[in-house]
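Contents: one structure, followed by commentary.
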Amino acid sequence: MSSVWDYFKIINEQKTKVLCKMCEEKLKRATIKRANNTTNLWQHLEKNHLDIYLKLKKVNNQPKLVVEENNKIVRLTSSSLSKDAVDKIIANMIVKDIQPLSVVNDIGFKQLIQAGFPSYSLPGRKYFTNYLSKMHEQKVQELIKILSQVDYFSITADLWSSIKTESYITFTCHFIHNGELYSVVLETREFPVNHTAMNIRIIMEHVFEKWGILNKVEAIVTDNASNITNAVDQLLIN
Ligand SMILES: [Zn+2]
């Protein structure tokens, strides 16, 4: 059975400092008198590693109360999730399932949330628009930090058109960090100007610079269109 201690380790002799194995943040732990206190470890998980928090809570969350209602057994569990945690679950759902933000106004969704989290008051679409944009900015900063610790990148780049024939260019970067291979979409942006080699090179430079990897790109994989291969030649040779 997993426990909260699978994700933290004690780092000083007094056992007052703890390292989160996932994000390497150092946390203070309650004093020795209350040596078993894991409250702030739980808080750290809930705030920063919600998936793990929920996994552990599921293991630890035995039904609190079993009642019989019309010959049916109803198990009641006390949901102790904070408003922040439920906000985050909903935002994650919108991202992972690529849902429109208007899902939070849908009647069925509202009922589901009310049933699952009776004490939570569901905010509207504007709130989540704002929430997701902050979440995006935070993820960008996290990624920039990781990229800064890596020396070599390869890139996949492609120009493509939407069903409405609008042009886009997408960059994915591939790298090894702490022995693991990552492939991350850096960005997809609209590309309405002429698709000349020069314009492609300018946008490539701009994107790589923004992510702090311009001088660390070792290879760029594209299709065989001459504009993009010329752009890559220009960029990598310079
Ligand atoms: Zn952490």
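The values are calculated or read from the model by the stated rules, or taken from the named source; none is laboratory data. These figures come from a predicted structure and were not determined experimentally. Please note: Cβ atoms are built from the backbone with ideal geometry, for glycine as well, and neighbour counts cover all protein chains shown.
Check off (1) at pLDDT below 95; (2) surrounded by 12 or more Cβ atoms within 10 Å (Cβ to Cβ) for residue 172 and give me the number that stays unchecked.
Single failed check for residue 172: (1).
Within segment 175-195, can you find the residues that are within 21 Å of residue 232 (Cα to Cα) and either surrounded by 11 or more Cβ atoms within 10 Å (Cβ to Cβ) or of a type in the set (D, E, K, R) (or both)?
175, 184, 186, 187, 188, 189, 190, 191, 193, 195
For residue 205, which of the numbered conditions (1) touching a residue at least 40 places away in the same chain (Cβ under 8 Å); (2) surrounded by 15 or more Cβ atoms within 10 Å (Cβ to Cβ); (3) in a helix (DSSP H, G or I) fails to hold?
If we test residue 205 against (1) touching a residue at least 40 places away in the same chain (Cβ under 8 Å); (2) surrounded by 15 or more Cβ atoms within 10 Å (Cβ to Cβ); (3) in a helix (DSSP H, G or I), just (1) comes out false.
Which pairs do you get when a residue that is more than 18 Å from residue 139 (Cβ to Cβ) and more than 11 Å from the ligand (Cβ to nearest atom), found in segment 43-67, comes within reach of a residue that is at pLDDT below 75 and of a type in the set (D, E, K, R), reach meaning Cβ atoms under 6 angstrom, with the pair 6+ apart or on two chains?
So the pair list comes out as 63/75; 66/75.
Which of the residues that make up segment 147-196 are in a strand (DSSP E or B) and in contact (Cβ under 8 Å) with a residue 60 or more places away in the chain?
153, 154, 155, 156, 157, 158, 159 - these are the residues of segment 147-196 that are in a strand (DSSP E or B) and in contact (Cβ under 8 Å) with a residue 60 or more places away in the chain.
Being basic (Lys, Arg) and under 23 Å from the mean Cα position of the chain (by Cα) is the filter here, so list the residues in segment 145-164 that pass it.
145
Name the residue, out of 72, 83, that is at pLDDT 85 or above, more than 13 Å from the ligand (Cβ to nearest atom) and out of contact with any Cys (no Cβ under 7 Å at 6 or more places or on another chain).
The match here is 83.
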